[in-house]
Amino acid sequence: MANMERANFGSKLGVILASAGSAVGLGNIWRFPCEVGQNGGAAFLLVYLACIVFLGVPVMVSEFLIGRHSRANTATAYSILAPHTKWSFVGLMGVVSAFLILSYYTVVAGWTLEYTVAAIGDQFTAGTDFTAFFNNFVANPWKASLYVVLFMLLTHIVIVRGVTDGIERFSKVMMPMLLFIICVLVICAFSMPGSAEGLTFLLKPDFSKITPKVVLSAMGQAFFSLSLGMGCLCTYASYFGKDTNLMKTAGSVAAIDTMVAFMAGFIIFPAVYSVPGLSPDAGPGLVFVTLPNVFNIAFQGAPVLGYVFSVMFYLLLVLAALTSTISLHEVVTAYVHERFGLSRKVGANIVTLSCMALGIVCALSFGVLKDFTLFHMTIFDLFDYVSAKFLMPLAGMLISIFTGWYLDRKLVQSEVTNEGRLRVPLFRFYIFLLKYFAPLAIGIIFVNELFK
Ligand code: PFF
C-alpha cells in the first residue's frame, strides 16, 4: 500500500521542527538531568556529547534515508528495501516498541499535565510535603487514569488533522513556544543564589567519574533522547521532500535536542543548589518532588515569581512530551492506515483507544496494580524495559547493520547526496561509523542491559 497518495511536510522548517519535536521530550527535561545528577555531572556530559555525534547522528541519517527512499510507514519501508527477507521484522519491531513506549510515556506525560494544573492552581504552597503529594497522586487510580486519557486526547487531536495540518502546523507553534519558555527559565535560574554551584556541578568535569556504567548510561540516554530505533524518524522522513538534506537535518535535530537538554540542566541544577539540603541526584523525583520544594523555598521572598516559574516549567514539560507522543502515535497510525488500508482517522482512533487502555494499566501499576508483577517488574517497568532497554538498542544495532552492510552503497550515497546534487565530504566516515562503531557500541549497551 506504499503507493497510496502520501502527505509531505511543506517546508524545511517544518521538517526540522517536527523531527526536533520528536527528539525533544521528557527524555531531555526529566530523564537527562536525572542521569547527569546520578552519573557525576560534567564527566557524563562529555561522554554524552561523543555518543550523540558518533552514534546518534549516523543512526538518525540511516533512519531518514530508509524512510525517505521507501516513502512508507516503517514496517513497510524495510520490505520495500529488502523484499522477501527477514529485515521487515526490524520495522515491525519499531511499530511495536513505539506502541509500548507511547503507552507508558503518556503516564509520565499525564503527571506533567497534573503538575501544570496544580501549579496554575497555586498548590505548591509552603508546608506541603511534596513526596506525599507525588505518591498520593500517582497512586490515585482515577486521577492517574484521567490524565492518561486527557494526554492521549491531546495527541489524538493533532494526529487526526494529518501530517501537514496536524503534525507540521502544531510543531511550528509548539517548538518555538518551548524554546522561548526554556530561554526565560534559564535566565531566571541564572539569577538564583545557587547558580554558581549548580553550574560548576554541570560544567566542571572530574574525569575519575567516567566509569563503564557512566559510558553505558550516556549511550542509552543519547539513543532515547534522539528518538532512535522506534521508527519515528523513519516515518517522519517518509514525508520529507526530495531536496531535504538528510545529513544537515540530522545535525540540526541533534543540535536542538542537545541544546534543550543542556538548558534543562542549566535550569534545574542552579535551582536545586539554591535550597540547602536538596540533592541533585534525587533520580526520577528530581522534577516532581525536588523542584516543587525549590519553587516554594527559593522564591519565599517573591511568591509571584515562584508561581510564574513553576507554571512555565511544567508547561514546558507538557509541550515537550506532547511533541514526542505525537511522533510515537504517528508511527503506529501510519502503519495501521497503510498496512490495513483503513482511513487515517479510523487508524488513529484504534491507536488512541488501545494506547489509552494500556496507558491506564501502566498508570495503575503505581497504585492498585503495584503488586502485580511479571518477571519481577510492574507493568510500567516491564514496558519500559522491553521497549527502551531491549527493543530500542536492538533496533538501533540492526538499523546500522542494515545501512552499513546490507543496503547497496550506491543507494545510500544517492539518498545522502540527493542523487549527487549535494557534496557530502564525511560520507566515508559516516559509512565507517555505521559499519563498525555503531553496531559494536550499541551491541555492548544491549548485552550489558540484558545481563545486568
Ligand atoms: N526522544 C523522546 C524524549 O527525549 O523524551 C522520547 C522518545 C520519543 C523516544 C520517540 C523514542 C521515540 F521513538
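Just one of THR116, THR76, THR125 is open to solvent by 50 Å² or more (accessible area, probe 1.4 Å) and more than 13 Å from the ligand (Cβ to nearest atom); which is it?
THR125
Return yes or no: is ILE431 under 27 Å from ALA250 (Cβ atoms), open to solvent by less than 20 Å² (accessible area, probe 1.4 Å) and without any contact (Cβ under 8 Å) to a residue 40 or more places away in the chain?
Against the criterion (under 27 Å from ALA250 (Cβ atoms), open to solvent by less than 20 Å² (accessible area, probe 1.4 Å) and without any contact (Cβ under 8 Å) to a residue 40 or more places away in the chain), ILE431 qualifies.
Across segment 229-258, what is the total count of residues that are modelled with pLDDT under 95 and within 10 Å of the ligand (Cβ to nearest atom)?
Going through segment 229-258 one residue at a time, the tally reaches 3.
Counting only residues that are open to solvent by less than 10 Å² (accessible area, probe 1.4 Å) and under 19 Å from PHE32 (Cβ atoms), which one in segment 234-265 is nearest to the chain's Cα centre (by Cα)?
The extreme case among them is ASP257.
Restricting to segment 184-231, name every residue that is over 22 Å from VAL447 (Cα atoms), among the hydroxyl-bearing types (Ser, Thr, Tyr) and open to solvent by 50 Å² or more (accessible area, probe 1.4 Å).
SER191, THR200, SER208
Between a first residue in segment 216-232 that is more than 17 Å from GLY94 (Cβ to Cβ) and a second residue that is within 6 Å of the ligand (Cβ to nearest atom) and open to solvent by 10 Å² or more (accessible area, probe 1.4 Å), which pairs have beta carbons less than 6 Å apart while being 6 or more apart in sequence or on different chains?
Short answer, once both residue conditions are applied: none.
Considering segment 362-378 alone, what residues qualify as being touching a residue at least 24 places away in the same chain (Cβ under 8 Å) and open to solvent by less than 60 Å² (accessible area, probe 1.4 Å)?
CYS362, ALA363, LEU364, GLY367
PHE9 versus (1) open to solvent by 20 Å² or more (accessible area, probe 1.4 Å); (2) more than 16 Å from the ligand (Cβ to nearest atom); (3) closer than 29 Å to GLY110 by Cβ: which is the lone unmet condition?
Going through the list (1) open to solvent by 20 Å² or more (accessible area, probe 1.4 Å); (2) more than 16 Å from the ligand (Cβ to nearest atom); (3) closer than 29 Å to GLY110 by Cβ, PHE9 breaks only (1).
Conditions first: (1) open to solvent by less than 40 Å² (accessible area, probe 1.4 Å); (2) away from the ligand (no atom under 16 Å from the Cβ). GLY341 passes all but one, so which condition is the exception?
Failing condition for GLY341: (1).
Do we have any residue at all in segment 269-285 that's part of a helix (DSSP H, G or I) and either polar (S, T, N, Q) or within 16 Å of the ligand (Cβ to nearest atom) (or both)?
No; the residues of segment 269-285 include none that is part of a helix (DSSP H, G or I) and either polar (S, T, N, Q) or within 16 Å of the ligand (Cβ to nearest atom) (or both).
Over 23 Å from SER400 (Cα atoms) and either at pLDDT 90 or above or not small (Gly, Ala, Ser) (or both): is that true of PHE201 in this structure?
Spelling it out, PHE201 is indeed over 23 Å from SER400 (Cα atoms) and either at pLDDT 90 or above or not small (Gly, Ala, Ser) (or both).
Yes/no per residue for (1) out of contact with any Lys or Arg (no Cβ under 7 Å at 6 or more places or on another chain); (2) open to solvent by 30 Å² or more (accessible area, probe 1.4 Å); (3) free of Cβ contacts under 8 Å to residues at least 60 places away in the same chain:
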position: LEU146; (1), (2), (3): yes, yes, yes
position: LEU154; (1), (2), (3): yes, yes, no
position: VAL160; (1), (2), (3): no, yes, no
position: THR164; (1), (2), (3): yes, yes, no
position: SER171; (1), (2), (3): yes, no, no
position: MET175; (1), (2), (3): yes, no, no
position: LEU178; (1), (2), (3): yes, no, no
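Output the residues belonging to segment 31-48 that are part of a helix (DSSP H, G or I) and not aliphatic (A, V, I, L, M).
ARG31, PHE32, PRO33, CYS34, GLU35, GLY37, GLN38, PHE44, TYR48
Quick grid of which residues meet (1) buried (at least 24 other Cβ atoms within 10 Å of the Cβ); (2) over 27 Å from VAL416 (Cα atoms); (3) of a type in the set (A, V, I, L, M):
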site: LEU26; (1), (2), (3): no, yes, yes
site: LEU45; (1), (2), (3): no, yes, yes
site: SER62; (1), (2), (3): yes, no, no
site: LEU81; (1), (2), (3): no, no, yes
site: VAL95; (1), (2), (3): no, no, yes
site: GLY110; (1), (2), (3): yes, yes, no
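The values are calculated or read from the model by the stated rules, or taken from the named source; none is laboratory data. Please read all numbers here as calculations on a predicted model, not as lab measurements. Cβ atoms come from the backbone with ideal geometry, glycine included; neighbour counts cover every protein chain shown. Just the protein is used for accessible areas: all its heavy atoms, side chains included, with ligands, DNA and RNA removed. Shrake-Rupley method; radii C 1.70, N 1.55, O 1.52, S 1.80 Å.
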